[in-house]
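Some notes on the structure that comes next.
The values are calculated or read from the model by the stated rules, or taken from the named source; none is laboratory data. Quantities reported herein were computed from a predicted structural model and do not represent experimental measurements. Here the Cβ positions follow ideal geometry from the backbone for every residue, glycine too, while neighbour counts run over all protein chains shown. The area values use the complete protein model at the heavy-atom level, side chains included, leaving out ligands, DNA and RNA. Shrake-Rupley method; radii C 1.70, N 1.55, O 1.52, S 1.80 Å.
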Amino acid sequence: MKKKNILVVLFAIVIVIIMLLALTHVINEQIGMCIGLFLASIFSLLVSRIAYKHDIKLIGVVMVLFMALGIVLFGINVYSILSLENDEPKSEFQLNVLENESGKKKLFERDNKVIYTYNLEKIDVVFKDKTYSLKDAFEVERINLDKILEMAIPNENTDGYKIYYDGGIDNSTKDKYSVILCEGDTDVIFAPYTYKYDSKICDFNGAD
């Protein structure tokens, strides 16, 4: 095999590896796919030139079409990345939760409200500069309940209680949760995103 052909094969292998790393999230998916598509377009151009030199015009035409498709997909990915960077952040902070089966537990009291968790091991409040526990974030007054609820979508079909759902911004469950406000809004319960309201959760005071 000629040296030029070996280089073309190695180039193709590099492209495949980069795309696999992107698809498996070893590297940033969007950036990895952009690099892979850009290199794939160059690869298609090289192969088409080789095909034309050897008078294999059909393969040359096919590779040109692949190159055009790669350029279009590359442009779409670049536009998507730039759009995400230009979007205003949904909030200055994000709540990350860790689910378990601990039942209802009292966390703390603040502003005449009792804060509980239900089937959550912990709640972290993540800012750009620092991460707090939910209790600490309330104590240093970096957040309050209103700011948290502004990030969530209320369920309108409620009677006596209120429940809000935040579906998060990624594919994991760490930033997905629900917030239940019992009748009178004095008891506030943070629960998993999949929680379905049961009146017993407000009747039970939980553990201290």
Just one of (1) in contact with a Leu (Cβ under 7 Å, 6 or more places away or on another chain); (2) farther than 20 Å from residue 72 by Cβ trips up residue 28, so point out which. (1)
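Here is a check on your reading of the model: is residue 179 within 22 Å of the chain's Cα centre (by Cα), at pLDDT 95 or above, crowded, with 16+ Cβ neighbours inside 10 Å and at negative phi?
Working: within 22 Å of the chain's Cα centre (by Cα): yes; at pLDDT 95 or above: yes; crowded, with 16+ Cβ neighbours inside 10 Å: yes; at negative phi: yes.
Here the answer is yes, as residue 179 does meet what is asked.
Could you list, in sequence order, all residues of segment 36-80 that are of a type outside the set (A, V, I, L, M) and open to solvent by 50 Å² or more (accessible area, probe 1.4 Å)? Walk me through it before giving the result.
Step one: list which residues in segment 36-80 are of a type outside the set (A, V, I, L, M), which gives 36, 38, 41, 43-44, 48-49, 52-55, 57, 60, 66, 70, 74-75, 77, 79-80.
If the condition is that a residue be of a type outside the set (A, V, I, L, M) and open to solvent by 50 Å² or more (accessible area, probe 1.4 Å), then 38, 49, 52, 53, 54, 55, 57, 66, 74, 79 are the ones that fit.
Looking at segment 24-35, which of the residues that are among the aliphatic types (A, V, I, L, M) and open to solvent by 60 Å² or more (accessible area, probe 1.4 Å) is nearest to residue 67 (Cα to Cα)? Please lay out each step first, then the result.
At the first step, the residues of segment 24-35 found to be among the aliphatic types (A, V, I, L, M) are 26-27, 31, 33, 35.
Remaining after also requiring open to solvent by 60 Å² or more (accessible area, probe 1.4 Å): 26-27, 31, 35.
Details: 26: 26, 27: 24, 31: 19, 35: 14 Å.
Here the answer is 35.
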Consider residue 125 carefully, then state whether it is over 21 Å from residue 202 (Cβ atoms), open to solvent by less than 50 Å² (accessible area, probe 1.4 Å), part of a strand (DSSP E or B) and at pLDDT 85 or above. yes
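Condition test on residue 118, is it crowded, with 18+ Cβ neighbours inside 10 Å, touching a strand residue (DSSP E or B) at 6+ places or on another chain (Cβ under 6 Å) and in contact (Cβ under 8 Å) with a residue 12 or more places away in the chain?
Working: crowded, with 18+ Cβ neighbours inside 10 Å: yes; touching a strand residue (DSSP E or B) at 6+ places or on another chain (Cβ under 6 Å): yes; in contact (Cβ under 8 Å) with a residue 12 or more places away in the chain: yes.
Judged against the criteria, residue 118 is a match.
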Restricted to segment 182-204 and to residues being more than 17 Å from residue 101 (Cα to Cα) and either of a type outside the set (Asp, Glu) or part of a helix (DSSP H, G or I) (or both), the residue most open to solvent (accessible area, probe 1.4 Å) is 203
Qualifying position, being of a type outside the set (Lys, Arg) and within 30 Å of residue 28 (Cβ to Cβ), among 186, 131: 131
Going by the structure shown, is residue 6 out of contact with any helix residue (DSSP H, G or I) (no Cβ under 9 Å at 6 or more places or on another chain), modelled with pLDDT of 85 or more and loosely packed, with under 15 Cβ neighbours inside 10 Å? no
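Just to be sure, is residue 155 within 24 Å of residue 205 (Cα to Cα) and more than 26 Å from the chain's Cα centre (by Cα)?
Numbers: within 24 Å of residue 205 (Cα to Cα): yes; more than 26 Å from the chain's Cα centre (by Cα): no.
Considered against the rule, which asks whether it is within 24 Å of residue 205 (Cα to Cα) and more than 26 Å from the chain's Cα centre (by Cα), residue 155 comes out as no.
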If I filter segment 130-152 down to residues being farther than 22 Å from residue 201 by Cβ and of a type in the set (A, V, I, L, M, F, W, C), which single residue comes out as surrounded by the most Cβ atoms within 10 Å (Cβ to Cβ)? 137
Kindly list the number of the only condition in (1) aliphatic (A, V, I, L, M); (2) closer than 22 Å to residue 174 by Cβ; (3) open to solvent by 30 Å² or more (accessible area, probe 1.4 Å); (4) free of Cβ contacts under 8 Å to residues at least 24 places away in the same chain that fails for residue 21. (2)
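Take the residues in segment 155-166 that are without any contact (Cβ under 8 Å) to a residue 60 or more places away in the chain and under 19 Å from residue 134 (Cβ atoms); name whichever of them is surrounded by the most Cβ atoms within 10 Å (Cβ to Cβ).
Taking segment 155-166 and keeping what is without any contact (Cβ under 8 Å) to a residue 60 or more places away in the chain, we get 155-165.
Applying the additional criterion that residues be under 19 Å from residue 134 (Cβ atoms) yields 162-165.
On the way: 162: 18, 163: 20, 164: 17, 165: 17.
Residue satisfying both the conditions and the ranking: 163.
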